[in-house]
């Protein structure tokens, strides 16, 4: 398979991973490299997010619902524009939203969220390929610190550990689309063009429903 054929085989690629894993950077790089549409979550537009990181129990529900409404609207807009007929890459998919809700919400809040989620969720196309950036907690901490977004600096190691574990469990059971699980400990695409090339090569080699990539960058 040539590089140009990646988005012919996988017209809808989703990149996922915990905060600090580099999912948005990778999605942008893939979209730029292959000149395809880009769909990004808009965290900066969530008015509750900064307050959530300061006081998680108080602001978890409004922050979560804002993301749910926002992502549902984005997918609805794409459906109306028929962009699902084109190739694109996204840094989120709505099926993963309950993962955050289960971690952050009290039981009664989670029940409310689940009710709304089931009413709101659109029947969007399943991704052609999901790339999961599996990243150790210490590496997540380092990358969050390095990108120096002020309100993220209060994120605790315990919270990142819970998040990483939730992602791991989610993708352990995920079977709806082909899945490439990437050991992201050394694969820093932000600073290494070699890492990006290795990942593109690995995507081109995908043959089965679930595969693993442990790059050797020593």
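Is it true that residue 23 is out of contact with any helix residue (DSSP H, G or I) (no Cβ under 6 Å at 6 or more places or on another chain), surrounded by fewer than 18 Cβ atoms within 10 Å (Cβ to Cβ), closer than 27 Å to residue 182 by Cα and modelled with pLDDT under 95? Spelling it out, it is not the case that residue 23 is out of contact with any helix residue (DSSP H, G or I) (no Cβ under 6 Å at 6 or more places or on another chain), surrounded by fewer than 18 Cβ atoms within 10 Å (Cβ to Cβ), closer than 27 Å to residue 182 by Cα and modelled with pLDDT under 95. Which of the residues that make up the range 31-55 are farther than 30 Å from residue 154 by Cα and touching a residue at least 60 places away in the same chain (Cβ under 8 Å)? The one that is farther than 30 Å from residue 154 by Cα and touching a residue at least 60 places away in the same chain (Cβ under 8 Å): 33. The set of residues in the range 158-182 that are in a loop (DSSP other than H, G, I, E, B) and either closer than 18 Å to residue 28 by Cβ or without any contact (Cβ under 8 Å) to a residue 24 or more places away in the chain (or both) contains only 173.
For residue 185, the criteria (1) out of contact with any strand residue (DSSP E or B) (no Cβ under 6 Å at 6 or more places or on another chain); (2) touching a residue at least 24 places away in the same chain (Cβ under 8 Å); (3) part of a helix (DSSP H, G or I) hold in every case but one, which is (3).
List pairs: first residue in the range 99-118 and at negative phi, second residue not in a helix (DSSP H, G or I) anywhere in the structure, Cβ distance under 9 angstrom, at least six positions apart or on different chains. From residues that are at negative phi, the pairs are 111/105; 112/105; 113/105. Tell me, yes or no, whether the range 126-134 has at least one residue that is within 17 Å of residue 43 (Cβ to Cβ), touching a residue at least 60 places away in the same chain (Cβ under 8 Å) and in a helix (DSSP H, G or I). Scanning the range 126-134 turns up no residue that is within 17 Å of residue 43 (Cβ to Cβ), touching a residue at least 60 places away in the same chain (Cβ under 8 Å) and in a helix (DSSP H, G or I).
If you go through the range 37-59 and keep only what is surrounded by 18 or more Cβ atoms within 10 Å (Cβ to Cβ) and touching a strand residue (DSSP E or B) at 6+ places or on another chain (Cβ under 6 Å), you end up with just 39. Residues satisfying the criterion are absent from the range 88-98 (criterion: surrounded by fewer than 18 Cβ atoms within 10 Å (Cβ to Cβ) and without any contact (Cβ under 8 Å) to a residue 40 or more places away in the chain).
The values are calculated or read from the model by the stated rules, or taken from the named source; none is laboratory data. What you see is a predicted model; the values in this text were computed from it and never measured. All Cβ positions, even for glycine, are placed from backbone atoms using ideal geometry, and neighbour counts span all protein chains on display.
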